[in-house]
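> Sharing a structure below in structure tokens format, with a few things to ask.
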Amino acid sequence: MDKNPMSVLRRGNSRKGKKRAPVWNFFYTLFHSISWMLNLFISALYLLALLSMFLSPEQLFFPAFLGMGFPFLLLGICFFLLYRLIKRQWKGFFFNLFFLIVTWGGITTYMPLHCKESEVPQEAIKVLSLNCHGFGFIKHTEQEPNPTLRYLKESKADIICLQEAYTSGKKSPYVSMRHIAKYLPEYPYVILRFAQKDRGTSLMLLSKFPVKDTRLLPLDSRFNGGVVYTLDVKGKEVQLYNLHLESFYLTNKDANEYMTLAKEGDPIRLKDRVKAKFTPAFKRRAAQADAIAIDCAQSKTPYVIVCGDFNDTPISYARSRIASELVDAYTHTGCGWGISFRFKRFGVRIDHILHSEQIESYNCHIDQQASISDHKPISCFMVLKD
């Protein structure tokens, strides 16, 4: 019989360790299984979000909604990639890495990583697009020019497309067509039209180049729409689109209601409220995008430029459908997330500039410093190829 107390104590600890081992293994296996289930679940949502580029919301709504949360899903995949690497779970690591490699095109569509061109060709023209939100509803005087008008003047852009360009009467202290003509004489061609025949959002073009023709796009909407201009740019005919696609018409009241339902843990009512608000806009934008894409494809000139507030993300069906035969200037030459609009704490790029293959774009940029509207201006330089 071993009377050494240390030996007895070691044997006691050994027996306790053996008893703990099955419990530890159980919780480890459970945690490992849950992490894999979460990993697979987020991966499935991530793929569905990317499929929103190809699946029309008129047929399937869910991917379009997931597309709005794509950055969070991408961060989820990156988190699991790092987690598997730290834990040296190589199968999981390569699984997530494979996901990122296969979907790299979608990632760079949303968040391109291009360096700024040091030199832009001298013959390039500058195109700018902005949802100006009624010029901020700020007065304009000679002593204190309206901030939006001052920004446009200082931009030195050759072509400017504005959405929500609401103007006042001649005698109003707020921005009027008279103010624009006097303050921005460098734009001899200024055209203002409603998005629908006699109603809707106001779409304005300011151009240094002659405008040969203007027409409304026959888009189904009560408020939103688009205008097509035919411009003579240095002897070349350019077909220019100024778009303001269907909006969600989200209000602070809607956002507060969604937050309340989320805090109360009522996912069914939250889903119903969100679906009722978002589905009609998604479907109408899809139909609008189809019509615009067809119109672009029928252009008689190889020079096509599309500007505007699409009210949808870079991986949405609406943007992807319109860009199906065009080049996205920001994806092609921009850098970073390029957030052009924020609602509460959620930011996304919903303002876009696209162009045909016969045009080369440079340094597409979203001015994050501009505080003249609830949207940020997007601009780029373009060269019309011979």
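The values are calculated or read from the model by the stated rules, or taken from the named source; none is laboratory data. Computed from a predicted structure; not experimentally measured. Note that each Cβ is placed from the backbone with ideal geometry, even for glycine, and that neighbours are counted across all protein chains shown. The accessibility values were calculated without ligands, DNA or RNA, using every heavy atom of the protein model including side chains. Shrake-Rupley method; radii C 1.70, N 1.55, O 1.52, S 1.80 Å.
> Any idea what the relative contact order of the stretch 126-384 is, in percent, if you count C-alpha pairs under 8 Å spaced at least 6 apart?
Numbers: 545 pairs, mean separation 48.8, N = 259.
Result for the stretch 126-384 is 19 percent.
> Ignoring everything except DSSP H segments at least 4 long, calculate the 222 nm mean residue ellipticity for the chain; use -39,500 (n - 2.57) per segment, divide by total residues, nearest 500.
On the way: 11 runs with 161 residues, N = 386.
Counting only the DSSP helices, I get -13500 deg cm²/dmol.
> Positive end of the charge dipole of the chain (Lys, Arg +1 and Asp, Glu -1 on Cβ, about the Cα centre): tell me which of LEU81, GLY347, MET177 has its Cα farthest that way.
LEU81
> Output the pairs from LYS126/LYS344; LYS139/LYS376; LYS171/LYS212; LYS126/LYS283; LYS116/LYS376; LYS156/LYS182 with a Cα-Cα distance over 27 Å in this structure; if there are none, say none. Intermediate results must be reported in sequence, preceding the final value.
Values: LYS126/LYS344 31 Å; LYS139/LYS376 20 Å; LYS171/LYS212 30 Å; LYS126/LYS283 33 Å; LYS116/LYS376 19 Å; LYS156/LYS182 16 Å.
Among LYS126/LYS344; LYS139/LYS376; LYS171/LYS212; LYS126/LYS283; LYS116/LYS376; LYS156/LYS182, the Cα-Cα distance tops 27 Å for LYS126/LYS344; LYS171/LYS212; LYS126/LYS283.
> A follow-up question, please. Taking only the alpha-carbon atoms of the chain, what semi-axes of the equivalent ellipsoid follow from 5 times the gyration tensor eigenvalues under a square root, in whole Å, largest first?
Values: eigenvalues 539, 105, 83 Å².
So the three semi-axes of the chain are 52, 23, 20 Å.
> Further question on the same structure: Go through the cysteines of the chain and tell me which have no other cysteine Cβ under 4.7 Å away.
CYS78, CYS115, CYS132, CYS296, CYS335 - these cysteines have no disulfide-compatible partner (Cβ-Cβ under 4.7 Å) in the chain.
> Of all the stretches in the chain, which is the longest one without any exposed loop site, taking chymotrypsin sites (Phe, Trp or Tyr not before Pro) in a DSSP loop (any state but H, G, I, E, B) with at most 13 other Cβ atoms within 10 Å? Don't skip to the end; give the middle numbers.
On the way: sites that count: PHE54, TYR249.
With chymotrypsin sites (Phe, Trp or Tyr not before Pro) excluded where exposed in loops, the chain gives 55-248 as its longest stretch.
> Placing +1 at every Lys and Arg Cβ and -1 at every Asp and Glu Cβ, with all other atoms neutral, what dipole size does the chain have around its Cα centre, in debye to the nearest 20? Working shown, then result.
Working: 50 positive and 34 negative charges, 502 e Å.
Dipole about the Cα centre, nearest 20: 2420 debye.
> Still on this model: First compute the accessible area of the chain with a 1.4 Å probe, then give the percent of it belonging to carbon and sulfur atoms. Walk me through the numbers before you get to the answer.
Working: 12410 of 20470 Å².
Of the solvent-accessible surface of the chain, carbon and sulfur hold 61 percent.
> Which helices of the chain meet both criteria: a Cα extent of 15 Å or more along the helical axis and a mean Kyte-Doolittle score no lower than 1.0, with helices taken as whole DSSP H segments?
On the way: long enough: 5-51 (68 Å, 0.33); 70-87 (26 Å, 1.88); 90-102 (18 Å, 1.66); 252-263 (16 Å, -1.21); 267-297 (43 Å, -0.24).
Passing helices, by number: 70-87, 90-102.
> Straight-line reach from LYS170: which aspartates and glutamates have a Cα under 19 Å away, not including same-chain ones fewer than 8 places off?
GLU142, GLU144
> Is the stretch 97-147 best put as rounded, prolate or oblate by its Cα gyration tensor, with a ≥ b ≥ c the root eigenvalues, rounded for a/c under 1.5, and otherwise prolate when a/b is larger than b/c, oblate when not? Let's see the in-between values first.
Working: a/c = 4.49, a/b = 1.94, b/c = 2.32.
Since a/c reaches 1.5 but b/c is at least a/b, the shape of the stretch 97-147 is classed as oblate.
> Separate question: If you take every residue apart from ASN363 with its C-beta less than 9 Å away from the C-beta of ASN363, what net charge results, scoring Lys and Arg +1 and Asp and Glu -1? List each step's numbers first, then the result.
Values: positive: LYS116; negative: GLU117.
That works out to 0.
> A further question follows. So in the chain, what percent of DSSP beta bridges are antiparallel if you round to the nearest 5? Before the final figure, lay out the partial values.
Values: 50 of 63 bridges.
Counting DSSP beta bridges with both partners in the chain, the antiparallel share is about 80 percent.
> Can you list which of the trypsin sites (Lys or Arg not before Pro) found in the stretch 86-167 are DSSP loop residues with at most 12 other C-beta atoms within 10 Å? Before the final figure, lay out each step's value.
Working: sites: LYS87, ARG88, LYS91, LYS116, LYS126, LYS139, ARG150, LYS153, LYS156; in loops: ARG88, LYS116, LYS156.
Loop-located and lightly packed - ARG88, LYS116, LYS156.
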